[in-house]
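Contents: one structure, followed by commentary.
The values are calculated or read from the model by the stated rules, or taken from the named source; none is laboratory data. Quantities reported herein were computed from a predicted structural model and do not represent experimental measurements. Please note: Cβ atoms are built from the backbone with ideal geometry, for glycine as well, and neighbour counts cover all protein chains shown.
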């Protein structure tokens, strides 16, 4: 059984942090656990400002916190992976 994709976002700014996978629920068959500050709604491809998850939907707009490209790239590239922007733009 394939694990469903989820996308994590910052708890305060709501800015996209990166992808992940939901865990199976130990209490219910065919149910998945999505952690706080994550969603199973795929964000749109983007260039420039990353999308934010606001009111149950992704939006590309001015965010509370401006995050530069180095910070966006850091979480996944620290371990040799692609930057978040590359992942979501299919590069």
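Descriptive notes on the structure:
- Scan of region 35-57 for residues that are farther than 13 Å from residue 18 by Cβ and either in contact with a strand residue (DSSP E or B) (Cβ under 7 Å, 6 or more places away or on another chain) or in contact (Cβ under 8 Å) with a residue 60 or more places away in the chain (or both), ordered by number: 40, 41, 44, 52
- Verdict on residue 31 being out of contact with any strand residue (DSSP E or B) (no Cβ under 8 Å at 6 or more places or on another chain) and surrounded by fewer than 11 Cβ atoms within 10 Å (Cβ to Cβ): no
- When region 11-49 is filtered for residues that are touching a helix residue (DSSP H, G or I) at 6+ places or on another chain (Cβ under 9 Å) and assigned to a strand (DSSP E or B), the ones remaining, listed by number, are 15, 16, 17, 18, 19.
- Per this entry, residue 18 is not counted among residues that are modelled with pLDDT of 85 or more and loosely packed, with under 12 Cβ neighbours inside 10 Å.
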